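So the structure is just underneath, and the comments pick up after that.
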Amino acid sequence: MQAALVTSTGLDLHFGRRTVLSGIDLVVRAGEVHGVLGPRGCGKSVLLGVLAGDLAPTSGSVSANGAVLIADETGASLALARALAGSPLVLLVDEPSDGFDAATRAAVRELVLRHARRGGAALWATRRLDALHGVARTLTLLAGGRVRYAGSVEALVMRSMAESAEDVADRLERAA
């Protein structure tokens, strides 16, 4: 089994009285790309900020060996290439494909996958499950700062495909 390069145990983060992250447990091993999935405001970027060392958790433990955060949507592919030049063990990639054309998205994906194949680890945060297809095997689904699902991307896709038409209609109606 590969070494864990990213771990969090019982991670909580509060901004004043507001709980932003609650009880986050996470393990990402060398050679893995792990997805962090959820809607806007669920805590994805905040989680990456804690893992990068930019934010201190309120409680719990966190370790992300030499993590580099890539969060500049306008220059993510260039920032990612620069980060890889420094040979970090862990890449934290925040919404890298928003607003990019297909060629740029493919280049960013390939850089992240190559990093994992070379023994690094990456966390890929996104709002879109399809963005993780072919990139991540496992994911953590966040909602309201809490883990709602942790497991394989494939299992979540199969679970979502099993929804009834009524479930989908209800979910879309609530989102509108």
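So that you can scan it fast, the table gives a plain yes or no per residue for (1) surrounded by 15 or more Cβ atoms within 10 Å (Cβ to Cβ); (2) at pLDDT below 80:
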site	(1), (2)
Leu78	no, yes
Gly86	no, yes
Arg117	no, no
Ala125	yes, no
Ala131	yes, no
Arg146	yes, no
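Evaluate the following for Val27: is it modelled with pLDDT under 95, surrounded by 14 or more Cβ atoms within 10 Å (Cβ to Cβ) and assigned to a strand (DSSP E or B)? For Val27, the condition - modelled with pLDDT under 95, surrounded by 14 or more Cβ atoms within 10 Å (Cβ to Cβ) and assigned to a strand (DSSP E or B) - is not met. Residue count for region 82-129 satisfying the condition of being touching a helix residue (DSSP H, G or I) at 6+ places or on another chain (Cβ under 9 Å) and of a type in the set (Asp, Glu): 3.
The values are calculated or read from the model by the stated rules, or taken from the named source; none is laboratory data. Values in this document were obtained by computation on a predicted structure and should not be read as measured data. Cβ: placed from backbone, ideal geometry, glycine included. Neighbour counts: every protein chain shown.
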